[in-house]
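For reference, the structure is listed below as C-alpha coordinates.
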Amino acid sequence: MSTTDIRGQRLVTSLLGLSVLVLAGCGQDEGSAEALPPSASGSVALSPSHGGLTGGNLVLADTGEDTDGPITARFGETEVECPFDERSSRHACTAPAGGTPGTVEVSFAAGGNAVGEKTAYTYTTRGTQDIPVLTVDTETVRRNAEEIRADFPQDVQLGAVLKNGEPVDVFGKVIEDAADVDYLFVPKLDDAIALREAGVEARIAVLYAAQVEDIPLLVHYDVEVPAIDPAWVDAAEQVLATTGGTLKVHLWVDTGMGREGVVPEEALPLARAVEDASHLELVGIATHFSTITAEDAEAIERNDTANTTVAQKNRFDGAVAAIRDAGLGQDALIHAGASDVLDNGIEALYYDLLRVGGMFFSSSPPENSVYSWTTELSQVKTLPEGWCIDYGCTDPTTSPKKVGLIHHIPSRENELDYTVGGKPVPVLLDHGTVVTLDLSGVPDAAAGDEVVIDFSAEAFHMLDATAPLPVTTTGG
(Lines give C-alpha, C1' and ligand atoms only; values in the text may rest on other atoms or scores of the structure.)
Protein backbone atom coordinates (compact mmCIF):
# COMPACT_ATOMS: atom_id res chain seq x y z
CA MET A 1 0.00 0.00 0.00
CA SER A 2 1.14 3.57 -0.48
CA THR A 3 0.29 6.93 1.03
CA THR A 4 1.35 10.47 0.13
CA ASP A 5 2.98 12.90 2.56
CA ILE A 6 2.63 16.69 2.57
CA ARG A 7 5.59 17.22 0.23
CA GLY A 8 4.13 14.92 -2.43
CA GLN A 9 6.67 12.17 -1.90
CA ARG A 10 5.45 8.61 -2.16
CA LEU A 11 5.76 6.65 1.05
CA VAL A 12 5.61 2.92 0.42
CA THR A 13 4.78 1.16 3.65
CA SER A 14 3.17 -2.16 4.40
CA LEU A 15 0.05 -2.18 6.51
CA LEU A 16 1.91 -4.27 9.04
CA GLY A 17 4.57 -1.59 9.30
CA LEU A 18 1.94 1.11 9.65
CA SER A 19 0.28 -0.61 12.58
CA VAL A 20 3.60 -1.03 14.32
CA LEU A 21 4.37 2.70 13.97
CA VAL A 22 1.35 3.91 15.94
CA LEU A 23 3.47 5.35 18.76
CA ALA A 24 5.68 7.50 16.48
CA GLY A 25 5.76 11.33 16.83
CA CYS A 26 3.08 13.64 15.20
CA GLY A 27 2.20 16.80 12.88
CA GLN A 28 0.01 20.00 12.02
CA ASP A 29 -1.79 21.98 9.33
CA GLU A 30 -1.54 25.58 8.20
CA GLY A 31 -5.25 26.13 8.74
CA SER A 32 -5.28 25.81 12.55
CA ALA A 33 -7.07 28.66 14.29
CA GLU A 34 -9.74 28.44 16.94
CA ALA A 35 -9.70 25.41 19.20
CA LEU A 36 -12.07 22.59 18.24
CA PRO A 37 -13.54 19.90 20.47
CA PRO A 38 -10.96 17.18 21.21
CA SER A 39 -13.34 14.59 19.74
CA ALA A 40 -16.51 14.54 17.70
CA SER A 41 -19.83 12.87 18.29
CA GLY A 42 -20.33 9.19 17.54
CA SER A 43 -17.53 6.64 17.54
CA VAL A 44 -15.03 8.60 15.44
CA ALA A 45 -11.59 8.40 17.04
CA LEU A 46 -7.97 9.15 16.16
CA SER A 47 -5.01 7.42 17.72
CA PRO A 48 -3.04 9.49 18.54
CA SER A 49 -5.20 12.62 18.57
CA HIS A 50 -2.23 15.01 18.64
CA GLY A 51 1.25 15.21 17.20
CA GLY A 52 4.19 17.38 16.23
CA LEU A 53 4.33 19.94 13.45
CA THR A 54 6.65 17.93 11.23
CA GLY A 55 4.01 15.30 10.48
CA GLY A 56 4.85 11.96 8.88
CA ASN A 57 3.57 9.89 11.79
CA LEU A 58 0.91 7.21 11.70
CA VAL A 59 -2.60 8.15 12.84
CA LEU A 60 -5.11 5.30 13.08
CA ALA A 61 -8.65 6.44 12.36
CA ASP A 62 -11.88 4.79 13.50
CA THR A 63 -14.62 6.39 11.41
CA GLY A 64 -17.44 4.50 13.06
CA GLU A 65 -18.43 3.08 9.67
CA ASP A 66 -18.26 -0.55 8.56
CA THR A 67 -15.84 -0.17 5.67
CA ASP A 68 -12.50 -1.80 4.97
CA GLY A 69 -11.82 0.03 1.72
CA PRO A 70 -9.41 2.97 1.43
CA ILE A 71 -10.64 6.39 2.53
CA THR A 72 -9.29 9.91 2.42
CA ALA A 73 -8.83 12.10 5.49
CA ARG A 74 -8.65 15.88 5.36
CA PHE A 75 -6.51 17.43 8.13
CA GLY A 76 -7.52 21.07 7.92
CA GLU A 77 -6.85 21.89 4.26
CA THR A 78 -4.59 18.92 3.53
CA GLU A 79 -5.91 15.62 2.23
CA VAL A 80 -4.17 12.25 2.69
CA GLU A 81 -4.99 8.71 1.62
CA CYS A 82 -5.73 6.18 4.37
CA PRO A 83 -5.64 2.44 3.52
CA PHE A 84 -7.35 -0.03 5.84
CA ASP A 85 -5.09 -1.75 8.39
CA GLU A 86 -6.24 -5.33 9.05
CA ARG A 87 -4.31 -5.71 12.30
CA SER A 88 -5.85 -2.72 14.09
CA SER A 89 -9.15 -2.70 12.14
CA ARG A 90 -8.57 1.02 11.59
CA HIS A 91 -7.68 3.19 8.63
CA ALA A 92 -3.99 4.12 8.60
CA CYS A 93 -3.34 7.79 7.79
CA THR A 94 0.01 9.55 7.60
CA ALA A 95 -0.39 12.91 9.32
CA PRO A 96 0.58 15.84 7.09
CA ALA A 97 2.99 18.49 8.32
CA GLY A 98 1.59 21.72 9.70
CA GLY A 99 2.43 25.40 10.03
CA THR A 100 1.59 26.51 13.55
CA PRO A 101 0.46 24.72 16.71
CA GLY A 102 -3.29 24.43 17.12
CA THR A 103 -6.30 22.20 16.50
CA VAL A 104 -7.65 21.43 13.03
CA GLU A 105 -10.82 19.73 11.86
CA VAL A 106 -10.50 16.23 10.41
CA SER A 107 -13.11 14.80 8.04
CA PHE A 108 -13.26 11.53 6.10
CA ALA A 109 -14.55 10.48 2.70
CA ALA A 110 -14.79 7.33 0.59
CA GLY A 111 -15.45 7.52 -3.12
CA GLY A 112 -16.17 11.21 -2.79
CA ASN A 113 -18.84 10.70 -0.13
CA ALA A 114 -18.48 11.75 3.51
CA VAL A 115 -17.76 8.94 5.96
CA GLY A 116 -18.42 9.19 9.71
CA GLU A 117 -18.45 12.37 11.76
CA LYS A 118 -15.86 15.12 11.81
CA THR A 119 -13.30 15.06 14.58
CA ALA A 120 -10.21 17.06 15.57
CA TYR A 121 -6.42 16.68 15.58
CA THR A 122 -4.11 18.90 17.61
CA TYR A 123 -0.70 19.97 16.31
CA THR A 124 1.97 20.71 18.89
CA THR A 125 5.53 21.92 19.02
CA ARG A 126 8.14 19.23 19.11
CA GLY A 127 8.43 17.44 22.40
CA THR A 128 8.02 14.01 23.88
CA GLN A 129 4.54 13.21 22.66
CA ASP A 130 3.48 11.04 25.61
CA ILE A 131 3.86 14.07 27.89
CA PRO A 132 0.50 15.82 28.48
CA VAL A 133 0.06 18.65 25.97
CA LEU A 134 0.21 22.20 27.35
CA THR A 135 -2.04 24.80 25.72
CA VAL A 136 -1.12 28.49 25.52
CA ASP A 137 -3.92 31.01 25.08
CA THR A 138 -2.38 33.45 22.61
CA GLU A 139 -5.30 35.83 23.05
CA THR A 140 -4.25 36.43 26.66
CA VAL A 141 -0.67 37.00 25.48
CA ARG A 142 -2.04 39.46 22.91
CA ARG A 143 -4.00 41.38 25.55
CA ASN A 144 -0.94 41.54 27.80
CA ALA A 145 1.11 42.91 24.91
CA GLU A 146 -1.49 45.59 24.17
CA GLU A 147 -1.58 46.63 27.82
CA ILE A 148 2.20 46.80 28.05
CA ARG A 149 2.40 48.98 24.96
CA ALA A 150 -0.41 51.27 26.19
CA ASP A 151 1.41 51.99 29.47
CA PHE A 152 4.96 51.89 28.09
CA PRO A 153 7.11 54.99 28.72
CA GLN A 154 7.46 57.35 25.78
CA ASP A 155 10.85 57.75 24.08
CA VAL A 156 11.93 54.29 25.28
CA GLN A 157 12.14 51.41 22.82
CA LEU A 158 10.34 48.16 23.67
CA GLY A 159 12.26 44.92 23.40
CA ALA A 160 10.38 41.64 23.89
CA VAL A 161 12.41 38.80 25.39
CA LEU A 162 11.36 35.29 24.36
CA LYS A 163 13.31 32.76 26.39
CA ASN A 164 10.47 30.33 27.03
CA GLY A 165 10.97 27.96 24.15
CA GLU A 166 8.46 26.94 21.51
CA PRO A 167 6.34 28.14 19.89
CA VAL A 168 8.65 31.16 19.69
CA ASP A 169 7.41 32.01 16.20
CA VAL A 170 3.78 32.20 17.37
CA PHE A 171 4.67 34.24 20.45
CA GLY A 172 6.87 36.59 18.46
CA LYS A 173 4.29 37.30 15.78
CA VAL A 174 1.47 37.82 18.29
CA ILE A 175 3.57 40.19 20.41
CA GLU A 176 4.96 42.10 17.42
CA ASP A 177 1.48 42.64 15.99
CA ALA A 178 -0.10 43.63 19.31
CA ALA A 179 2.66 45.78 20.81
CA ASP A 180 4.57 47.04 17.76
CA VAL A 181 7.83 46.06 19.46
CA ASP A 182 11.14 47.54 18.35
CA TYR A 183 13.21 44.46 19.20
CA LEU A 184 12.84 40.77 19.89
CA PHE A 185 15.55 39.16 22.03
CA VAL A 186 16.02 35.38 21.90
CA PRO A 187 18.56 32.99 23.42
CA LYS A 188 19.72 31.24 20.23
CA LEU A 189 19.95 31.52 16.47
CA ASP A 190 17.31 28.84 15.79
CA ASP A 191 14.75 31.00 17.59
CA ALA A 192 15.73 34.04 15.54
CA ILE A 193 15.38 32.09 12.30
CA ALA A 194 11.94 30.83 13.37
CA LEU A 195 10.85 34.43 13.98
CA ARG A 196 12.09 35.63 10.61
CA GLU A 197 10.43 32.73 8.80
CA ALA A 198 7.18 33.56 10.62
CA GLY A 199 7.31 37.02 9.08
CA VAL A 200 8.59 39.02 12.07
CA GLU A 201 10.01 42.33 10.81
CA ALA A 202 11.25 43.85 14.09
CA ARG A 203 14.95 43.89 14.87
CA ILE A 204 16.09 40.59 16.38
CA ALA A 205 19.06 40.05 18.68
CA VAL A 206 20.47 36.82 20.11
CA LEU A 207 21.22 37.29 23.80
CA TYR A 208 24.06 34.83 24.21
CA ALA A 209 27.27 33.85 22.43
CA ALA A 210 27.01 33.03 18.72
CA GLN A 211 29.28 30.62 16.88
CA VAL A 212 31.56 32.18 14.28
CA GLU A 213 30.50 29.58 11.71
CA ASP A 214 26.91 30.87 12.04
CA ILE A 215 27.82 34.38 10.91
CA PRO A 216 26.64 33.92 7.28
CA LEU A 217 23.22 32.88 8.64
CA LEU A 218 23.16 35.82 11.06
CA VAL A 219 23.81 38.25 8.20
CA HIS A 220 21.29 36.52 5.93
CA TYR A 221 18.49 36.73 8.51
CA ASP A 222 19.60 40.18 9.76
CA VAL A 223 20.11 38.98 13.32
CA GLU A 224 22.24 40.87 15.86
CA VAL A 225 24.57 39.15 18.35
CA PRO A 226 26.89 39.88 21.27
CA ALA A 227 30.52 40.69 20.53
CA ILE A 228 32.16 38.35 23.02
CA ASP A 229 35.81 39.49 23.05
CA PRO A 230 38.46 40.85 20.64
CA ALA A 231 39.43 37.34 19.50
CA TRP A 232 35.80 36.65 18.51
CA VAL A 233 35.68 40.00 16.69
CA ASP A 234 38.84 39.10 14.71
CA ALA A 235 37.41 35.69 13.77
CA ALA A 236 34.09 37.26 12.73
CA GLU A 237 35.87 39.84 10.60
CA GLN A 238 37.79 37.11 8.77
CA VAL A 239 34.53 35.35 7.90
CA LEU A 240 32.80 38.56 6.83
CA ALA A 241 35.75 39.60 4.68
CA THR A 242 35.00 36.62 2.46
CA THR A 243 31.19 36.62 2.61
CA GLY A 244 30.54 40.36 2.66
CA GLY A 245 27.80 42.09 4.57
CA THR A 246 27.74 43.83 7.94
CA LEU A 247 27.09 42.09 11.25
CA LYS A 248 25.40 44.21 13.92
CA VAL A 249 26.67 43.53 17.43
CA HIS A 250 25.87 44.43 21.02
CA LEU A 251 28.59 44.91 23.61
CA TRP A 252 27.46 43.34 26.89
CA VAL A 253 29.06 44.51 30.13
CA ASP A 254 29.04 42.17 33.11
CA THR A 255 28.46 44.62 35.97
CA GLY A 256 27.84 42.06 38.68
CA MET A 257 25.68 39.24 37.33
CA GLY A 258 28.52 36.85 36.53
CA ARG A 259 26.87 35.94 33.26
CA GLU A 260 27.16 37.34 29.70
CA GLY A 261 29.50 40.21 28.89
CA VAL A 262 33.00 41.50 29.62
CA VAL A 263 33.96 43.15 32.90
CA PRO A 264 33.82 46.98 32.75
CA GLU A 265 37.57 47.43 32.28
CA GLU A 266 37.46 45.32 29.12
CA ALA A 267 34.53 47.16 27.53
CA LEU A 268 36.52 49.93 25.86
CA PRO A 269 39.14 47.60 24.27
CA LEU A 270 36.30 45.47 22.91
CA ALA A 271 34.52 48.53 21.52
CA ARG A 272 37.76 49.55 19.79
CA ALA A 273 38.09 46.08 18.28
CA VAL A 274 34.57 46.35 16.88
CA GLU A 275 35.28 49.84 15.53
CA ASP A 276 38.45 48.61 13.79
CA ALA A 277 36.54 45.77 12.10
CA SER A 278 35.28 46.84 8.68
CA HIS A 279 32.29 44.49 8.66
CA LEU A 280 30.99 44.91 12.25
CA GLU A 281 28.74 47.66 13.58
CA LEU A 282 28.26 48.45 17.26
CA VAL A 283 24.50 48.95 17.65
CA GLY A 284 24.02 48.32 21.36
CA ILE A 285 25.71 48.48 24.76
CA ALA A 286 23.97 46.45 27.45
CA THR A 287 24.05 44.94 30.91
CA HIS A 288 21.73 42.92 33.13
CA PHE A 289 20.86 43.81 36.72
CA SER A 290 20.91 41.01 39.28
CA THR A 291 18.95 42.37 42.22
CA ILE A 292 16.17 44.81 41.36
CA THR A 293 13.96 45.90 44.27
CA ALA A 294 11.33 48.60 44.83
CA GLU A 295 13.83 50.55 46.97
CA ASP A 296 16.36 50.94 44.15
CA ALA A 297 14.93 54.21 42.79
CA GLU A 298 15.60 56.04 46.07
CA ALA A 299 18.98 54.35 46.46
CA ILE A 300 19.96 55.61 42.99
CA GLU A 301 18.95 59.16 43.93
CA ARG A 302 21.19 58.94 47.04
CA ASN A 303 23.93 57.17 45.07
CA ASP A 304 24.00 54.57 47.82
CA THR A 305 26.90 52.44 46.62
CA ALA A 306 26.11 49.79 49.23
CA ASN A 307 23.01 49.05 47.14
CA THR A 308 23.74 46.31 44.59
CA THR A 309 21.78 47.96 41.78
CA VAL A 310 23.51 51.31 42.36
CA ALA A 311 26.89 49.59 42.23
CA GLN A 312 25.97 47.88 38.96
CA LYS A 313 24.57 51.09 37.46
CA ASN A 314 27.72 53.02 38.29
CA ARG A 315 29.92 50.36 36.70
CA PHE A 316 27.77 50.30 33.59
CA ASP A 317 27.55 54.08 33.26
CA GLY A 318 31.33 54.27 33.65
CA ALA A 319 31.90 51.74 30.88
CA VAL A 320 29.46 53.52 28.54
CA ALA A 321 31.09 56.90 29.26
CA ALA A 322 34.58 55.51 28.55
CA ILE A 323 33.40 54.12 25.19
CA ARG A 324 31.66 57.33 24.14
CA ASP A 325 34.46 59.59 25.40
CA ALA A 326 36.70 57.68 23.00
CA GLY A 327 34.35 58.64 20.16
CA LEU A 328 32.86 55.15 19.85
CA GLY A 329 29.30 53.85 20.04
CA GLN A 330 27.73 57.29 19.73
CA ASP A 331 24.58 55.87 18.15
CA ALA A 332 24.51 52.56 20.02
CA LEU A 333 21.36 51.82 21.99
CA ILE A 334 21.93 51.64 25.74
CA HIS A 335 19.81 48.95 27.38
CA ALA A 336 19.90 47.37 30.82
CA GLY A 337 16.44 47.17 32.38
CA ALA A 338 14.11 44.18 32.23
CA SER A 339 10.52 43.52 33.34
CA ASP A 340 11.37 44.09 37.00
CA VAL A 341 12.71 47.58 36.23
CA LEU A 342 9.51 48.49 34.36
CA ASP A 343 7.29 46.90 37.01
CA ASN A 344 8.96 48.95 39.76
CA GLY A 345 9.05 52.13 37.69
CA ILE A 346 12.78 52.76 38.13
CA GLU A 347 13.12 55.43 35.45
CA ALA A 348 16.85 55.91 35.98
CA LEU A 349 17.36 52.42 34.52
CA TYR A 350 15.15 52.81 31.45
CA TYR A 351 17.95 54.12 29.20
CA ASP A 352 17.11 53.79 25.47
CA LEU A 353 15.36 50.42 25.56
CA LEU A 354 13.71 48.09 28.08
CA ARG A 355 13.82 44.31 27.64
CA VAL A 356 10.45 42.91 28.74
CA GLY A 357 9.87 39.17 29.02
CA GLY A 358 7.68 37.60 31.68
CA MET A 359 5.13 40.43 31.70
CA PHE A 360 3.86 39.29 28.30
CA PHE A 361 2.92 35.94 29.85
CA SER A 362 1.52 37.04 33.19
CA SER A 363 -1.96 35.82 34.04
CA SER A 364 -4.66 35.83 36.68
CA PRO A 365 -6.12 32.31 36.66
CA PRO A 366 -8.73 31.19 36.03
CA GLU A 367 -10.25 34.20 34.24
CA ASN A 368 -7.15 35.19 32.28
CA SER A 369 -4.99 32.12 32.24
CA VAL A 370 -2.15 31.88 29.72
CA TYR A 371 -1.40 28.23 30.31
CA SER A 372 -3.67 25.18 30.47
CA TRP A 373 -2.00 21.86 31.25
CA THR A 374 -4.08 18.79 32.05
CA THR A 375 -3.90 15.00 32.14
CA GLU A 376 -6.12 12.33 33.69
CA LEU A 377 -5.94 9.76 36.45
CA SER A 378 -4.87 6.51 34.81
CA GLN A 379 -5.44 4.39 37.93
CA VAL A 380 -7.09 4.88 41.32
CA LYS A 381 -6.66 2.50 44.26
CA THR A 382 -6.53 2.36 48.06
CA LEU A 383 -3.25 1.42 49.72
CA PRO A 384 -3.49 -0.56 52.98
CA GLU A 385 -2.09 0.69 56.27
CA GLY A 386 1.68 0.17 56.52
CA TRP A 387 2.10 0.18 52.72
CA CYS A 388 5.47 1.29 51.36
CA ILE A 389 5.73 4.36 49.15
CA ASP A 390 8.88 4.93 47.08
CA TYR A 391 12.22 3.17 47.34
CA GLY A 392 13.51 2.54 50.86
CA CYS A 393 10.02 2.50 52.38
CA THR A 394 10.93 5.57 54.39
CA ASP A 395 7.36 6.80 54.89
CA PRO A 396 4.81 3.94 54.91
CA THR A 397 1.10 4.72 55.18
CA THR A 398 -0.28 5.04 58.71
CA SER A 399 -3.82 4.23 57.57
CA PRO A 400 -5.53 3.17 54.34
CA LYS A 401 -4.90 5.85 51.72
CA LYS A 402 -6.62 6.49 48.41
CA VAL A 403 -4.12 7.33 45.65
CA GLY A 404 -4.19 8.10 41.94
CA LEU A 405 -1.52 7.58 39.29
CA ILE A 406 -0.58 9.87 36.40
CA HIS A 407 2.26 9.38 33.93
CA HIS A 408 5.05 11.10 31.98
CA ILE A 409 5.27 14.41 33.82
CA PRO A 410 8.67 16.00 33.09
CA SER A 411 10.77 17.35 35.93
CA ARG A 412 10.71 21.15 36.04
CA GLU A 413 12.88 23.90 37.43
CA ASN A 414 9.74 25.23 39.09
CA GLU A 415 7.52 23.19 41.38
CA LEU A 416 4.30 21.71 40.01
CA ASP A 417 0.91 21.74 41.71
CA TYR A 418 -1.84 19.19 40.98
CA THR A 419 -5.59 19.65 41.31
CA VAL A 420 -8.31 16.98 41.09
CA GLY A 421 -11.99 17.89 41.26
CA GLY A 422 -11.04 21.48 42.02
CA LYS A 423 -9.03 20.48 45.12
CA PRO A 424 -5.23 20.57 45.48
CA VAL A 425 -3.75 17.11 46.01
CA PRO A 426 -0.30 16.32 47.45
CA VAL A 427 2.34 14.29 45.63
CA LEU A 428 3.35 11.09 47.41
CA LEU A 429 5.82 9.83 44.81
CA ASP A 430 7.34 11.48 41.76
CA HIS A 431 9.37 9.29 39.44
CA GLY A 432 8.54 11.36 36.36
CA THR A 433 7.21 8.45 34.32
CA VAL A 434 4.90 7.64 37.25
CA VAL A 435 3.55 10.18 39.73
CA THR A 436 1.40 9.03 42.68
CA LEU A 437 -1.06 11.60 44.06
CA ASP A 438 -2.71 11.54 47.48
CA LEU A 439 -6.48 11.51 46.85
CA SER A 440 -7.49 11.41 50.51
CA GLY A 441 -9.18 14.80 50.12
CA VAL A 442 -11.04 13.75 46.96
CA PRO A 443 -12.97 10.61 48.02
CA ASP A 444 -15.06 10.51 44.84
CA ALA A 445 -12.10 10.65 42.43
CA ALA A 446 -12.05 7.90 39.81
CA ALA A 447 -9.85 6.75 36.96
CA GLY A 448 -10.28 9.06 33.98
CA ASP A 449 -10.91 12.18 36.06
CA GLU A 450 -9.07 15.29 34.90
CA VAL A 451 -5.91 16.39 36.69
CA VAL A 452 -4.94 20.04 36.31
CA ILE A 453 -1.18 20.62 36.36
CA ASP A 454 0.00 24.10 37.30
CA PHE A 455 3.48 25.58 37.56
CA SER A 456 2.02 28.79 38.98
CA ALA A 457 1.91 31.38 36.24
CA GLU A 458 1.74 34.01 39.00
CA ALA A 459 5.22 33.09 40.22
CA PHE A 460 6.78 31.90 36.97
CA HIS A 461 5.32 33.55 33.89
CA MET A 462 7.65 32.07 31.30
CA LEU A 463 7.60 28.48 30.12
CA ASP A 464 10.56 26.39 31.25
CA ALA A 465 12.17 25.31 27.98
CA THR A 466 14.46 22.72 29.59
CA ALA A 467 11.93 19.87 29.28
CA PRO A 468 10.60 18.52 25.95
CA LEU A 469 7.04 19.66 26.56
CA PRO A 470 4.65 19.54 23.57
CA VAL A 471 2.81 22.89 23.32
CA THR A 472 -0.23 23.90 21.29
CA THR A 473 -2.14 27.16 21.10
CA THR A 474 -5.64 28.62 21.09
CA GLY A 475 -6.78 32.14 20.36
CA GLY A 476 -5.47 32.43 16.81
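The values are calculated or read from the model by the stated rules, or taken from the named source; none is laboratory data. Model, not experiment: these values are computed from the prediction. Please note: Cβ atoms are built from the backbone with ideal geometry, for glycine as well, and neighbour counts cover all protein chains shown. Accessible surface areas use protein heavy atoms only, side chains included; no ligands, DNA or RNA. Shrake-Rupley method; radii C 1.70, N 1.55, O 1.52, S 1.80 Å.
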Just to be sure I understand: of the beta bridges DSSP finds with both ends in the chain, what percent are antiparallel, rounded to 5?
65 percent
Cβ-defined net charge surrounding residue 203, 12 Å radius [Lys, Arg +1; Asp, Glu -1]
-3
Can you send over the solvent-accessible area of residue 281, 1.4 Å probe, protein chains only, in Å² to the nearest 10?
80 Å²
Fraction of accessible area attributable to carbon and sulfur, the chain (%, probe 1.4 Å)
48 percent
For the chain, with equal point scatterers placed on the C-alpha atoms only and solvent neglected, what are the log10 I(q)/I(0) values from the Debye formula at q = 0.07, 0.08 1/Å, to two decimals?
-0.49, -0.62
Cβ-based net charge around residue 179, under 10 Å, with every Lys or Arg adding one and every Asp or Glu removing one:
-4
Any idea of residue 117's accessible area? Nearest 10 Å², probe 1.4 Å.
90 Å²
Which value, in debye to the nearest 20, gives the size of the charge dipole of region 322-435 about its Cα centre, when Lys and Arg are +1 and Asp and Glu are -1 at the Cβ?
520 debye
Per residue solvent-accessible surface (Å²) - the chain, probe of 1.4 Å
46 Å²
Listed residues 337, 443, 215: farthest to the positive end of the dipole of the chain (Cβ charges)
443
Which order do 68, 222 take when ranked by solvent-accessible area (1.4 Å probe, heavy atoms of all protein chains), largest first?
68, 222
Quick tally, 1.4 Å probe accessible area for 309, 394, sorted with the most first, runs 394, 309
Rounded to whole Hz and in sequence order, give me ³J(HN,Hα) for region 179-194 from the Karplus expression 6.51 cos²θ - 1.76 cosθ + 1.60, θ = phi - 60°, writing x for Gly and Pro.
10, 6, 5, 8, 9, 10, 10, 10, x, 8, 4, 4, 5, 4, 5, 4
Given a 1.4 Å probe and the protein chains all in place, what does the accessible area of residue 388 round to, in Å² to the nearest 10?
70 Å²
Once you keep just the Cα pairs under 8 angstrom separated by 6 or more residues, what percentage relative contact order results for the chain?
15 percent
Among the listed pairs 163/248; 163/423; 118/188, which have their C-alpha atoms separated by more than 30 angstrom in this model?
163/423; 118/188
